[in-house]
Amino acid sequence: MIDTVRLRLRAFEVEEGAALTVEPTPYEVRSGELVSEEAVLWTAGSSTVSGKKAYCNGERWNFTLLPPTSSGDLLAAEASAFVSFSLPKVLRGTNTLPVDRDGAAEALRLVEGGLAAAGVRTDLRQAFLSRVDLFRNVSAAEPFRCYAPLFEVLDARRKQRRDYGSTFLWHNTLREVCVYDKRAELESAGFGTEGLPKNFLRFEYRCLKPRTVLQVLDCGGNTVGDLVKGFGGARTSYRRAMAEELFRATPAEVEAFSGSQLEQDMRVFKARYGRVWLARFLEAFGARELSKTADVETLRELVERLSGDRNKAWRFARKLRQYALDFESVGERPTVTLRSLYEELRGKVLAA
């Protein structure tokens, strides 16, 4: 349920000779003058290290040390240290499946040990939560792109929407909702997908700022210790957040969104058939709905039996096939309704 976290270390010590890479303060080449004031990053023993920032990238975590700022935050009066990582990835090498409370605690222990080996000593349980990504995997009934028409009409609160083909993202500076084809992502990264569902989708809710983490997460505080202690609350927090953001519409409201697809179809018929476009559209639409009840050959036999006219039945079947081609040529269309797609995903994402 919890994937990526970004932590602001509450207390830390950088040892002399720590395995950190330092970016020096920028300077103007001609004059040699520093662009900004030289900032002290850390002091170890008798040595002081200054620069723009320092960092260390472990195999499954990233550490960054930034100089003090002039904000009113008491912590900002000293250098700020951040570490970011994916709990499942630290523990298993990929972030495909969630970890439980014990798995999260073990992942934290491994990261803390990695930092210590690099020369940074800290207690991660005292660290503040700066960012937390929550997620749920869904075994969907349809391939990812079949849900694209649905995602195109869903509107997360006060967020911009972007379509990246295998990913839909709703975002602002505080929160993101991301839905993507997890199986496709794993395959493109060279990871195995054996044993995973055919249509394996990922729904993520990302709290990008500390105050957002505190507002969303139901874990009793804003430290890593609080998160581990109240680990079970993350599931409830995720369901509530996704219900408020992406799945707040009723199925009936989503059904009304289908009008956008009808408008697209009508525009195609109008451009193709001119002044008779509406009659042609009504015939084609009716024929398509009729074809859902039985195949064309069955319908042809039924007309021939009732009319006693073989030629009439043959012309009827020919029209049905032509109308079917009319709709097929409009473009890729979902095989199920927006409402049914919405009800499926809503039920799976918000399941207890």
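The values are calculated or read from the model by the stated rules, or taken from the named source; none is laboratory data. Only a predicted model underlies this, so the values are computations on that prediction, with no experimental measurement involved. Quick reminder, even Gly has a Cβ in these numbers, built from the backbone with ideal geometry, and neighbours come from all protein chains shown. Heads up: the accessible areas ignore ligands, DNA and RNA and are worked out on the full protein's heavy atoms, side chains in. Shrake-Rupley method; radii C 1.70, N 1.55, O 1.52, S 1.80 Å.
Things to note:
- Test result for Leu134, touching a Cys at 6+ places or on another chain (Cβ under 9 Å), on the phi < 0 side of the Ramachandran plot, open to solvent by 10 Å² or more (accessible area, probe 1.4 Å) and not in a loop (DSSP other than H, G, I, E, B): no
- Total residues in segment 273-285 satisfying the condition of being closer than 15 Å to Lys319 by Cβ and in contact with a helix residue (DSSP H, G or I) (Cβ under 6 Å, 6 or more places away or on another chain): the figure is 4.
- In this structure, Glu204 does not qualify as modelled with pLDDT of 85 or more, open to solvent by 70 Å² or more (accessible area, probe 1.4 Å), closer than 21 Å to Val153 by Cα and under 18 Å from the mean Cα position of the chain (by Cα).
- Of the criteria (1) out of contact with any Cys (no Cβ under 9 Å at 6 or more places or on another chain); (2) among the β-branched types (Val, Ile, Thr); (3) in contact (Cβ under 8 Å) with a residue 60 or more places away in the chain, which one Val120 fails: (1)
- Verdict on Glu253 being among the acidic types (Asp, Glu), closer than 19 Å to Ala140 by Cβ and either open to solvent by 70 Å² or more (accessible area, probe 1.4 Å) or not in a loop (DSSP other than H, G, I, E, B) (or both): no
- Scanning segment 286-317 for residues that are outside any helix (DSSP H, G or I) and either touching a helix residue (DSSP H, G or I) at 6+ places or on another chain (Cβ under 7 Å) or within 26 Å of Thr337 (Cα to Cα) (or both) turns up Lys292, Thr293, Ala294, Asp295.
- Residue within segment 125-142 that is at pLDDT below 95 and either out of contact with any strand residue (DSSP E or B) (no Cβ under 9 Å at 6 or more places or on another chain) or of a type in the set (Lys, Arg) (or both) present: yes
- Residues satisfying the stated conditions in segment 102-117, i.e. without any contact (Cβ under 8 Å) to a residue 40 or more places away in the chain and in contact with a Ser or Thr (Cβ under 9 Å, 6 or more places away or on another chain): Ala107, Glu112, Ala116
- Given (1) assigned to a helix (DSSP H, G or I); (2) under 20 Å from the mean Cα position of the chain (by Cα); (3) surrounded by fewer than 18 Cβ atoms within 10 Å (Cβ to Cβ), number of the condition Ala141 does not satisfy: (1)
- Restricting segment 150-193 to residues that are open to solvent by 30 Å² or more (accessible area, probe 1.4 Å), in contact with a helix residue (DSSP H, G or I) (Cβ under 6 Å, 6 or more places away or on another chain) and not charged (D, E, K, R), the residue that is nearest to Lys209 (Cα to Cα): Leu174
Residues checked against (1) surrounded by 14 or more Cβ atoms within 10 Å (Cβ to Cβ); (2) within 30 Å of Pro88 (Cβ to Cβ):
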| site | (1), (2) |
| --- | --- |
| Ile2 | yes, yes |
| Arg6 | yes, yes |
| Ala18 | yes, yes |
| Arg30 | no, no |
| Trp42 | yes, no |
| Val49 | yes, no |
| Arg60 | yes, yes |
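- Any hit, segment 7-22, residues being free of Cβ contacts under 8 Å to residues at least 24 places away in the same chain and part of a loop (DSSP other than H, G, I, E, B): no
- Only residues that are under 13 Å from Val153 (Cβ atoms) and either assigned to a helix (DSSP H, G or I) or at pLDDT 75 or above (or both) were counted across segment 256-285, and they come to 7.
- Scanning segment 289-327 for residues that are open to solvent by 60 Å² or more (accessible area, probe 1.4 Å) and of a type in the set (Lys, Arg) yields Lys292, Arg305, Arg310, Lys312, Arg315, Arg318, Lys319, Arg321.
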